[in-house]
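The values are calculated or read from the model by the stated rules, or taken from the named source; none is laboratory data. Please read all numbers here as calculations on a predicted model, not as lab measurements. Glycine also receives a Cβ, built like all others from the backbone with ideal geometry; neighbour counts cover every protein chain displayed.
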Amino acid sequence: MKKIDPYLKAVLDNFTTNYFASRDRAFSGLDFESLRQELAEIREQSLERNQELLNQFIAQAEKLGSKVILAKDSEEANQNALNILKKHRINKLVKSKSMVSEETRLNDFLIENGIEVRETDLGEWIIQLDKEHPTHMVLPAIHLTRKDVAKIFSKKLGREITDDPALLVRIAREQLRKDIFEAGAGLTGANALIADTGAMMMVTNEGNGRLVSTIPPVHIVFTSIEKLYANLSQVFVLLKMLPRNATGQVITSYVSLIAGPHNQAQYIILVDNHRSELMADSVFKPVLRCIKCSACLNICPVYRLLGGKQYSHIYMGGIGTLLTAWIHGLEQSKDLAGLCLNCHRCDEICAVKIPIADLIIALREKLNLELGKPVFKEMIFDLVIAHQNLHQTLFKMARTARPLLKTKDNFARKLPAPFGKYERFRALPLPAEKSLTELWKTQSASTIKEQGLEVKKLQLYPGCLVEHFYPEIGIDAAKVLNRLGYQVDLIEAGCCGFPALNAGFREAGEGVLAQLMKKIKAENTIITLCPTCTLMLKRAGEKLSAQVFPFNKFIFEKELGSIQNFVPDKKLNKTICYHESCHQKHSLKANEASLELLKILAGENFIALKNADSCCGFAGSFSLDHPEISEALAMDKIYSIRESGAEVLALDCPGCLLQIKGACYNSGLKIQVLHLAQVLASYLL
Ligand code: SF4
Ligand code: SF4
C-alpha cells in the first residue's frame with residue numbers, strides 16, 4: 001500500500017502548474033510534434049549505429065587527449081572511478097549532476113573507500129545533506145520546499161537559517177565554491193557525446209558543471225553508452241528540445257561543449273549496464289532514446305501523487321520502471337510496473353516519442369513470463385476471462401444474487417473486511433437485472449430495429465461494463481443511432497481482452513479478441529461505447545481499425561448535421577460538464593468530438609470542467625490493486641465536479657462512469673453521471 005502525502009502532493013501540484021505554463025511559453029512558435037519526430041529519428045539512428053558511433057567517438061576523444069574507459073556494469077564503472085582517484089592520489093571529489101552516477105551508486109562506493117564526495121548541484125547537495133536520493137531526474141530535490149531546505153541547512157550549520165531563497169543560495173555558493181577549489185577531481189555527466197569530434201555537451205542551470213569540469217586538476221566524465229550523436233547539428237536539435245521539455249526554458253543558463261581536457265587529465269567513463277542488451281531488443285529498444293528531460297514525470301498522475309521516493313527504484317516514473325527492469329533487474333521493476341495507470345499521458349509529451357504506456361504492458365508480460373504469474377490474476381485472466389462462456393456464466397450467477405446484494409439506492413451492499421478498501425471512496429455498482437444481450441432480445445423487435453429504417457447497417461460493441469452493469473447505455477446508443485437512420489446489430493460478446501492484455505496476459509487477451517473478431521462482419525462499421533475496448537479492437541489490424549468508431553466520434557463526424565437539426569427541440573434543460581477519459585483523449589484523440597457536441601446541444605448550459613482530463617483513477621484492475629491512489633485521483637475529480645456546480649456530468653467511458661458515479665454517491669454529491677449516448681438520447685428521443 002502506497003502512502004499519499006498531501007503535503008508532497010501540494011508541492012508537486014504547484015510545481016507542475018508552473019512548469020506547464022512555462023513549457024507552453026517556451027514551445028510557442030515551435031511545432032512540438034515535428035521537433036520530437038526529428039529528435040526521435042536522430043536518437044533511433046544513433047541506437048542503430050551505436051557501435052560505429054562509439055568507436056568514432058572513442059578515437060576522436062582520445063585524439064583530443066581524453067582517456068575513454070568502457071565499463072560493462074556499475075561495479076566496473078565505480079572501480080574505474082576509484083582507480084583514477086587513487087592513481088592521482090585524490091581524496092576529495094566534487095560532482096555536478098549525473099543520474100548515471102546515481103544508477104551505479106557511485107557516491108556510496110567512493111565514500112566506503114575513503115573518498116570525500118561533495119555534490120555541487122544545489123538540489124543534489126541538499127539531498128546529500130539530507131542523506132536522501134534524487135526524486136526527479138532534472139530537479140533532484142523537487143520534494144522539498146524552501147522551508148525544508150532551511151531546516152536542513154540549519155542542522156548542517158548548527159545555527160538557525162531563515163527560508164529566504166537569496167540567503168540559502170548564498171550559503172550554498174560559498175560552501176560549494178570552497179569545495180570545488182579544494183577538490184582534486186571533478187566529476188560531471190554529459191547530455192551528449194558527439195561522435196565526429198569526440199566532444200561532449202552538458203547543460204546546467206547553475207554553472208557548477210563548468211567549475212567542476214575545469215577547476216580541479218582531474219576531470220572525470222561519468223555517463224552511459226547510448227548518449228551518442230553523429231555530429232553537432234544533431235545536438236542542436238537536442239538542445240532545441242531538452243530545456244523546453246525539461247524545465248520550460250528556451251535555453252538553459254549554461255550550455256558547455258567540452259572538447260578534450262582543459263589543462264588537466266580527463267577520463268570519460270562510459271557505462272553499459274545492460275544497455276547493449278536493451279539496444280538489441282526489438283520491443284524495448286526505444287527506451288534508450290530517452291534524453292532524461294523528465295517531462296513524462298511531470299505529467300504522470302501517479303508520480304504527482306507518490307513522488308520519486310515511492311515511484312522509483314533509482315530512475316523514476318514510467319520510463320524509470322522500464323530503465324530499472326533492464327539496468328537493475330526485473331525483480332526491482334516488479335512493483336513499479338503495477339503503478340502505471342496506462343493513461344498514455346506520458347506518450348503525448350515524450351520528447352522522443354517513446355511509447356511508455358505500451359512498453360509497460362510489454363514489461364508486465366515479461367515479468368509474468370520470467371518471474372511467474374501472480375496466482376490470483378492467473379485465475380482471473382487465464383481461466384475466467386480467456387473463456388468467454390465461463391465469464392458469461394459467472395455474471396449470470398451474479399445477476400441471480402442481485403436481490404441479496406442490492407441497497408435501496410441500487411448500489412452493491414458494503415463488502416466485508418478486508419475488501420472494504422475497494423469501496424471506501426466509491427459505492428460499487430450491481431450487475432444489471434438483465435444483461436444488454438438479454439434486454440436487446442426483448443426490445444429489439446419494436447425499439448432497437450425500428451421499422452422502415454433499414455438503410456444503413458452498423459454493429460454495436462458495448463464492452464463488458466455496458467453488457468453486464470450498464471445495459472441502458474447500450475439501449476440508448478442504439479436508439480440514438482436508430483433515430484439517425486441506422487439499423488444496429490449487437491455484437492454479443494463480453495470482454496474485448498484488454499484487462500488481460502494490460503495485466504501482461506497477452507495470450508489470454510489476444511485469444512479473447514480473436515473470439516470477438518469472429519462476430520464482426522467485414523463490411524460493417526463497428527460502433528464502440530468504451531474507449532478502452534476501441535483501443536483493443538484497433539489492435540486487431542489496420543483494416544478493422546478503420547472500421548471501428550467510438551460512438552461520439554461517429555456521431556460528430558457523420559451525423560453532426562442531423563444532430564444540429566434537433567437542437568431547437570432540446571430537452572435536457574440542465575447544466576452539463578464533461579469529463580475527458582484518458583484513453584479517449586490521450587490515445588484515440590476523440591474527446592473533442594464530445595466537447596463540440598455538448599457545446600452545440602447544451603449551449604450556455606455547458607460548463608467547462610476544471611482539470612477535465614485529470615484521470616479519475618479507475619483504470620480497470622488498477623483501482624483494485626492500488627485503491628489508495630485510485631481514491632486520491634477520484635477525490636480530485638469529485639472536487640472539480642463539485643466546484644463546477646453542474647447538474648449533469650457527461651463522459652464517454654463506462655469505467656470512468658463506474659468510478660465517478662460511485663465516488664459522487666459516497667461523497668454525497670448529487671449529480672447525474674451519464675454516458676454521452678444517454679445524454680444524446682435525452683435530446684433526440
Ligand atoms: S501511462 Fe500514465 S500512469 Fe503510466 S507512466 Fe505514463 S503517465 Fe504515468
Ligand atoms: S521518456 Fe521521454 S519524456 Fe520521459 S524523460 Fe525520457 S525523453 Fe523525457
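Structure notes:
- The set of residues in segment 321-344 that are within 9 Å of ligand 1 (Cβ to nearest atom) and either assigned by TED's automatic domain parsing to the domain that holds residue 621 or crowded, with 22+ Cβ neighbours inside 10 Å (or both) comprises 321, 339, 340, 341, 342, 343.
- Residue in segment 526-546 that is in contact with a helix residue (DSSP H, G or I) (Cβ under 7 Å, 6 or more places away or on another chain), free of Cβ contacts under 8 Å to residues at least 12 places away in the same chain and surrounded by fewer than 17 Cβ atoms within 10 Å (Cβ to Cβ) present: yes
- Number of residues in segment 103-126 that are among the charged types (D, E, K, R) and either in contact with a Lys or Arg (Cβ under 8 Å, 6 or more places away or on another chain) or not assigned by TED's automatic domain parsing to the domain that holds residue 153 (or both): the value is 5.
- Close Cβ contacts (under 8 Å, 6 or more residues apart or on different chains) running from residues in segment 392-409 that are farther than 19 Å from residue 436 by Cβ and touching a residue at least 60 places away in the same chain (Cβ under 8 Å) to residues that are surrounded by 12 or more Cβ atoms within 10 Å (Cβ to Cβ) and not charged (D, E, K, R) comprise 409/427; 409/665.
- When the residues of segment 621-656 are filtered to those that are part of a loop (DSSP other than H, G, I, E, B) and either modelled with pLDDT under 95 or under 17 Å from the mean Cα position of the chain (by Cα) (or both), the one that is surrounded by the most Cβ atoms within 10 Å (Cβ to Cβ) is 626.
- Screening 472, 492 for residues that are more than 27 Å from residue 341 (Cα to Cα), part of a loop (DSSP other than H, G, I, E, B) and among the charged types (D, E, K, R) leaves exactly one candidate, 492.
- When residues of segment 284-320 are limited to those that are more than 10 Å from ligand 1 (Cβ to nearest atom) and among the small types (Gly, Ala, Ser), the one farthest from residue 611 (Cα to Cα): 312
- Test: residue 353 is within 30 Å of residue 239 (Cα to Cα), among the basic types (Lys, Arg) and in contact with a His (Cβ under 8 Å, 6 or more places away or on another chain): no
- Taken together, the residues in segment 309-328 that are part of a helix (DSSP H, G or I) and either within 21 Å of residue 348 (Cβ to Cβ) or within 9 Å of ligand 2 (Cβ to nearest atom) (or both) amount to 7.
- Condition broken by residue 133, with the remaining ones in (1) within 23 Å of residue 65 (Cα to Cα); (2) modelled with pLDDT under 95 satisfied: (1)
- Exactly one residue out of 580, 596, 592 is charged (D, E, K, R) and touching a strand residue (DSSP E or B) at 6+ places or on another chain (Cβ under 9 Å): that is 580.
- Residue within segment 579-597 that is more than 26 Å from residue 537 (Cα to Cα), modelled with pLDDT of 95 or more, assigned by TED's automatic domain parsing to the domain that holds residue 456 and of a type outside the set (Phe, Trp, Tyr) present: no
- In segment 106-131, the residues that are assigned to a loop (DSSP other than H, G, I, E, B) and closer than 16 Å to residue 184 by Cβ: 113, 114, 115, 120
- Complete set of residues in segment 604-620 that are among the small types (Gly, Ala, Ser) and surrounded by fewer than 16 Cβ atoms within 10 Å (Cβ to Cβ): 608
- Pair list, Cβ < 9 Å and 6+ apart or interchain, from segment 286-297 residues that are within 11 Å of residue 318 (Cβ to Cβ) and outside any loop (DSSP other than H, G, I, E, B) to residues that are within 13 Å of ligand 1 (Cβ to nearest atom) and acidic (Asp, Glu): 296/347
- Meets criteria (surrounded by 14 or more Cβ atoms within 10 Å (Cβ to Cβ), within 15 Å of ligand 2 (Cβ to nearest atom) and closer than 19 Å to residue 497 by Cβ) for residue 357: yes
One line per residue, one yes/no per condition, for (1) without any contact (Cβ under 8 Å) to a residue 40 or more places away in the chain; (2) of a type in the set (D, E, K, R); (3) away from ligand 1 (no atom under 16 Å from the Cβ):
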| site | (1), (2), (3) |
| --- | --- |
| 586 | no, no, no |
| 594 | no, no, yes |
| 602 | yes, no, yes |
| 613 | yes, yes, no |
| 628 | no, yes, no |
| 643 | yes, yes, yes |
| 646 | no, no, yes |
| 662 | no, no, yes |
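- Considering segment 269-303, and only residues there that are surrounded by 24 or more Cβ atoms within 10 Å (Cβ to Cβ) and more than 11 Å from ligand 2 (Cβ to nearest atom), the residue that is nearest to the chain's Cα centre (by Cα) turns out to be 302.
- Of the listed requirements (1) surrounded by 15 or more Cβ atoms within 10 Å (Cβ to Cβ); (2) closer than 24 Å to residue 328 by Cβ, residue 108 misses just one: (1).
- Scoring residue 331 on the criteria (1) touching a residue at least 40 places away in the same chain (Cβ under 8 Å); (2) assigned to a helix (DSSP H, G or I); (3) more than 10 Å from ligand 2 (Cβ to nearest atom); (4) within 21 Å of residue 619 (Cα to Cα) leaves a single failure, condition (4).
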